[in-house]
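K.L.:
Mind looking over this structure? Questions follow.
No lab work stands behind these numbers, since they all come straight from the coordinates. Because the structure is predicted, anything quoted here is derived from the model rather than measured. Note that we place each Cβ from the backbone using ideal geometry, even for glycine, and neighbour counts take in every protein chain shown.
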Amino acid sequence: MDYSGSRLRILIVDDEPWRLLPLQWSLRDAGYDVDEIVPEASQARRRLCENSYDLVIIDQLLPDYEGGNPAESGLRIVQFLRESDHEIPYGTSCDVPILIHSAYSSPEMDEMARRFQVPVLKKPCSPREVLRAVERELRRRSED
């Protein structure tokens with residue numbers, strides 16, 4: 001991994017943060033800068049607008065999504081990032097690598113993953129599997 005003088009920053013969004021603590025620790029041990037796990041959609045959007053991340057790992061199901069079905073809340077954040085023509089001076093780029101991390105499958109998730117070329121990791125998966133997917137996605141994006 002090439003840090004070019006700084007650690008790559010990852011945001012994890014999941015409504016069950018305690019289940020992902022081993023993943024958070026593994027990513028930190030691998031040299032990534034990982035904030036605390038964000039449990040809600042509205043908080044995730046705020047973080048994405050206020051901070052710059054190099055990769056986002058997001059659950060499909062999140063509470064408190066404004067004006068939508070919680071079953072699609074993580075997907076709406078993916079859509080927000082990919083379809084926005086937002087110009088956020090300090091925020092996360094709309095082409096940031098994203099991994100959807102979910103125990104559930106839906107036609108909407110499959111369509112969103114295909115449409116935006118976002119890999120889906122099925123829960124449960126080990127921190128090692130997620131770390132491999134993170135490295136693969138960062139490598140793929142750096143080659144584009």
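K.L.:
Under 1.5 on a/c is rounded, so check that first for segment 9-143, then, if it is not, pick prolate when a/b is larger than b/c and oblate when it is not; a ≥ b ≥ c are the square roots of the alpha carbon gyration tensor eigenvalues. The partial results should precede the final answer.
P.N.:
Numbers: a/c = 1.26, a/b = 1.12, b/c = 1.13.
It is rounded, given that a/c, with a ≥ b ≥ c, falls under 1.5.
K.L.:
Quick one: which of 53-60, 32-39 comes out on top by average Cβ neighbours within 10 Å, and what's the full order, highest first?
P.N.:
Descending mean neighbour count gives 53-60, 32-39.
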